[in-house]
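Before I ask anything, let me first share the structure, which is written out below as structure tokens.
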Amino acid sequence: MTELPSLTSVGSLGLQVNSGPQSSPEEVPTACSRPRHSLGILHASYSVSHQVGPWWDFTSCRQQWDRQILKDVSLYIESGQILCILGSSGSGKTTLLDAMSGRLRRTGTFLGEVFMNGRLLHRDQFQDCFSYVQQSDTLLSNLTVRETLRYAALLAVRRCSPGFLQKKVDAVMVELSLSHVADRLIGNYNLGGISNGERRRVSIAAQLLQDPKVMLFDEPTTGLDCMTANQIVVLLAELARRNRIVIITIHQPRSELFQLFDKIAILSYGELVFCGTPVEMLDFFNGCNYPCPEHSNPFDFYMDLTSVDTQSKEREMETYKRVQMIESAYKESAIYHKTLENIERAKHLKTLSTVPFKTKDSPGALSKLGVLLRTLGLYPEVARFGYFSAALLAPHLIGEFLSLVLLGMVQNPNVVNSMVALLSIAGIFVGSGLIRNTEEMSLPFKILSYFTFQKYCSEILIVNEFYGQNFICGSSNGSVTTNPMCAFTQGIQFIERTCPGATSRFTTNFLILYAFIPVLVILGIVVFKVRDHLISR
């Protein structure tokens with residue numbers, strides 16, 4: 001981690017805060033230095049409206065209940081800095097991140113402006129400018145870390161050689177200390193895999209593949225232990241030092257992290273109570289006659305100080321007045337006016353670079369479809385995807401026509417649905433070989449399997465996905481027979497073990513599978529004719 005500027009201790013805790021010189025917008029980057037970027041949020045407000053009653057109650061439908069989630073929030077931050085947003089639950093932290101990144105729902109009303117390098121961002125530019133990492137990690141458990149990042153790179157970057165793509169993935173893994181788990185599965189709670197902290201690093205690495213200059217993190221330490229949470233915040237601070245703007249929301253940070261944040265913002269009921277450097281925070285609350293006690297975590301103390309206690313009406317009014325007093329003092333302080341001045345100054349500077357968009361050269365729709373097929377474990381060929389789709393379409397049509405045939409016999413739709421479900425499950429057990437290989441079944445069940453469409457559909461899918469595949473597992477020095485997951489090294493071995501001779505019956509299976517459809521149509525016509533004849537008599 002890069003060395004921090006000069007430090008000042010806080011009380012007898014031994015805490016330290018960053019009191020180094022803050023960069024100003026007037027600074028013009030030299031030819032050798034990297035261009036600095038700035039992000040400004042000016043007078044951001046967001047409100048939503050809800051109807052009081054149900055839509056059919058015309059008297060109450062006209063009445064609306066308005067809720068102000070954000071109220072006149074202004075922030076300013078530059079590249080190389082990390083901003084921490086604090087606040088109790090429901091204070092508007094996530095909504096503020098959504099407002100910055102243009103992810104707000106259109107049902108609400110947003111007022112305010114977002115500036116990047118002094119230029120006003122439009123709605124269609126937010127997605128190409130910001131990277132957003134949510135609380136929950138949406139990763140596929142059956143992929144390794146390397147595969148996950150490689151597929152993420154394929155979905156984000158186009159027109160690059162495989163060697164360049166691999167170098168990019170390796171560089172990101174090195175940057176986030178993921179190289180030692182590169183070939184381990186992501187896993188989940190049932191299958192194990194990498195730890196929660198490493199899983200969070202993978203989510204961050206997937207965003208870094210597009211070289212973003214502004215990164216937003218919503219509760220990146222949620223579900224992590226204290227040590228892992230501390231490591232994640234330290235990592236994000238290091239990312240910010242590499243010419244990025246990093247903004248995070250966090251719950252109950254440790255006191256040791258106080259020195260890592262360049263700026264700290266506190267929200268209470270959607271209002272910005274304070275935003276400034278750690279040193280400015282201490283001076284501001286000291287000026288409001290609320291000094292941080294010794295041996296106390298400044299985060300905990302200031303969070304309690306700016307929260308509204310709703311346990312009783314008296315406490316709620318008392319704490320709300322205190323929060324309003326602090327918020328008014330902040331709006332009148334030099335810190336707030338300096339923020340507004342920085343935003344206005346950045347709007348008129350011509351030396352700043354253009355808006356730093358992410359890598360926008362994303363692949364086309366067909367390329368993305370191929371990548372998605374690979375992540376799902378499907379063979380990434382157009383013809384095989386067509387066979388796969390056709391094999392899944394036929395059972396759907398067969399189930400519909402089977403329902404019509406049974407409706408001609410039974411008048412109750414609920415009974416028909418239950419019968420179709422039972423027949424489908426029985427066909428899977430008997431014909432697909434899911435429970436037992438059809439060749440190993442007794443003769444009556446083997447004969448019965450030929451009357452199930454699941455037999456032909458399963459053989460088509462197995463041949464389509466496994467034919468031509470080669471499997472590599474275990475070390476080169478060890479024997480694959482010792483690993484039960486490596487019982488087959490080639491796809492043809494699995495095909496012959498599961499459904500012998502299915503490769504030679506591929507076309508025949510398709511013809512038989514789709515022959516079920518006209519047979520059921522004819523049978524349905526006959527059943528309804530017979531029913532009409534019986535009713536007429």
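Can you figure out the FRET efficiency of residue 256 with residue 65, using R₀ = 41 Å and their beta-carbon distance, to the nearest 0.05?
0.45
Also, quick follow-up: How long are the semi-axes of the equivalent ellipsoid of the stretch 7-348, defined as square roots of 5 times the Cα gyration tensor eigenvalues? Whole Å, largest first.
33, 26, 23
Looking at the square roots a ≥ b ≥ c of the eigenvalues of the Cα gyration tensor of the stretch 181-236, which shape do they give, rounded for a/c under 1.5, prolate if a/b is larger than b/c, or oblate?
Oblate is the answer for the stretch 181-236, as a/c is 1.5 or above yet b/c matches or exceeds a/b.
State, to one decimal in nm, how far the label point of residue 383 lies from the label point of residue 170, with both points 7 Å from Cα in the Cβ direction.
Modelled inter-label distance: 3.5 nm.
Another question, if that's okay. How are the Cα pair distances of the stretch 147-252 distributed, in percent, across 10 Å bins from 0?
14, 45, 35, 7, 0
For the stretch 81-88, just list the computed ³J(HN,Hα) in residue order, Karplus coefficients 6.51, -1.76 and 1.60, θ = phi - 60°, integers in Hz, with x standing in for Gly and Pro.
With the stated coefficients, the stretch 81-88 comes to 10, 10, 10, 9, 9, 9, x, 6 Hz.
How big is the Cα convex hull of the stretch 379-536 in projection, averaged over all directions, in nm²?
Quarter of the Cα hull surface area: 11.9 nm².
Residue by residue through the stretch 443-457, what is 3J(HN,Hα) from phi via Karplus (6.51 cos²θ - 1.76 cosθ + 1.60, θ = phi - 60°)? Round to whole Hz and write x for glycine and proline.
Rounded to whole hertz, the list is 4, x, 5, 5, 5, 5, 4, 6, 9, 9, 6, 5, 4, 6, 5.
Taking the alpha-carbon centroid of each part, what is the distance from the stretch 433-459 to the stretch 81-134 in angstrom?
57
In whole Hz and in residue order, list the ³J(HN,Hα) couplings for the stretch 309-322 that follow from phi through the Karplus curve 6.51 cos²θ - 1.76 cosθ + 1.60, θ = phi - 60°; x for Gly and Pro.
Per-residue couplings from phi come out as 8, 9, 5, 9, 5, 5, 5, 5, 5, 5, 6, 5, 5, 5 Hz.
Right, next: Under the rule of at least 5 residues apart or a separate chain, name every residue whose amide H is placed under 5 Å from the amide H of residue 144.
For residue 144, the qualifying residues are 186.
Taking only the alpha-carbon positions of the stretch 76-117 and ignoring solvent, what does the Debye formula give for the base-10 log of I(q)/I(0) at q = 0.21, 0.26, 0.34 Å⁻¹?
-0.85, -1.12, -1.26
So how do 147, 316, 440 line up by other beta-carbon neighbours within 10 Å, fewest first?
440, 316, 147
If each residue's Cβ is checked for other Cβ atoms within 10 Å, how do 508, 107 rank with the fewest at the top?
Ordered by Cβ neighbours within 10 Å, fewest first: 107, 508.
Okay, moving on. Give me the one-decimal nm value for the distance between modelled label points at residue 138 and residue 337, 7 Å along each residue's Cα-to-Cβ direction.
4.5
I would also like to ask the following. What list do you get for 462, 41 if you sort them by fewest beta carbons within 10 Å?
462, 41
Per residue Cα convex hull volume for the stretch 201-345, in cubic angstrom?
Normalising the Cα hull of the stretch 201-345 by residue number yields 140 Å³.
Readers should treat all values here as calculations from the given coordinates under stated rules, not as data from a laboratory. The structure displayed is predicted, hence computed values, not measured ones. With ideal geometry, Cβ positions are generated from the backbone for all residues, glycine too; neighbour counts draw on all protein chains shown.
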